[in-house]
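**Q** Have a look at the structure that comes next, please.
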Amino acid sequence: MFPDPGSTEPAGPAPGVADEPPSASAAPAPSELRLYRAPLHDGGPELEIRVLGEPAGGGQEHAVRALELRRTGEPEPFQVLAGLEDTLVLAEGREGVELLDLDFDGWADLRVLAEAPPGPNVTWRHWLYDPATEIFLPSPALDALPSPRPDPESQRLVSTWRDGATRYGTDFYEMAGRQPRLVRREVKEYTEPGAYRLEISERVDGRMQVTRRETVRE
């Protein structure tokens, strides 16, 4: 999904006449930062996502305040995701909004970049599309996972993380309805340059159990 190149200019002010000048302390109205277009599913209706917010931090980043969701050709949004947190940012040249199938039901789900520190522990805000109600529902369970990405072949979500300078992990989740369920964890802990302890845990009889431990030299 790519931003529409014609949507980089901020949206103009709403028409109307003000009897009094706005208060100096009033927060500025959010403007349009970007416009994304992508299909909700293969061969299905196209979705427009208007990202509203304002510059933040004096640099190239922008705080996201709301998302307006429209089906292409419809004048009014069918859903507005408002009240987003200040930590949601879009940096120039970075894809901060994604539509991708996270629960493997054939419908695209929505996420917005929340925090992108150095390393793999990137966090997102997620909404799963519910075809029965035709709206996006928030998913705090997915929000808690660092860097989740769908693997359509295995029908699993893959989440990579780092815990300190020497401990790295990859978690594998299956979606149980709308909830991610951990089914495999691979942890590498470096004990010296070029060598690490590998521990693999898997879900067996409903519980996570260590199934393999070994020292690996690169």
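**Q** Nearest 0.05, what FRET efficiency do Ala165 and Leu100 give at R0 = 35 Å with Cβ-Cβ as r?
**A** 0.70
**Q** Here's another thing I want to ask about it. Could you order the peptides 149-156, 36-43 from most to least packed, using the average number of other C-beta atoms within 10 Å per residue?
**A** Most protected by this proxy first, the peptides run 36-43, 149-156.
**Q** Excluding Glu202 itself, what net charge comes from residues whose Cβ is under 13 Å from its Cβ, given Lys and Arg +1 and Asp and Glu -1?
**A** +3
**Q** Sticking with this one: Net charge near Glu74, counting Lys/Arg +1 and Asp/Glu -1 over other residues with Cβ under 14 Å of its Cβ?
**A** It works out to a net charge of -1.
**Q** Please compute the modelled spin-label separation between Leu182 and Glu54, points set 7 Å along Cα→Cβ, answer in nm with one decimal.
**A** So the two model labels end up 4.1 nm from each other.
**Q** Something else: Could you give the accessible area per residue of the stretch 125-218, probe 1.4 Å, as a whole number in Å²?
**A** 59
**Q** For Phe78 and Ile200, what does the FRET efficiency come to when R0 = 41 Å and r is the distance between their Cβ atoms, rounded to the nearest 0.05?
**A** Computed FRET efficiency for Phe78 and Ile200: 0.40.
**Q** Here is a follow-up. What net charge do the residues around Asp105 carry, taking every other residue with its C-beta under 10 Å from that of Asp105, with Lys and Arg at +1 and Asp and Glu at -1?
**A** Charge balance near Asp105 sits at -3.
The values are calculated or read from the model by the stated rules, or taken from the named source; none is laboratory data. Being a predicted model, the structure only gives us computed values, none of them experimental. With ideal geometry, Cβ positions are generated from the backbone for all residues, glycine too; neighbour counts draw on all protein chains shown. Please note that ligands, DNA and RNA were not included when accessible areas were found on the heavy atoms of the full protein model with its side chains. Shrake-Rupley method; radii C 1.70, N 1.55, O 1.52, S 1.80 Å.
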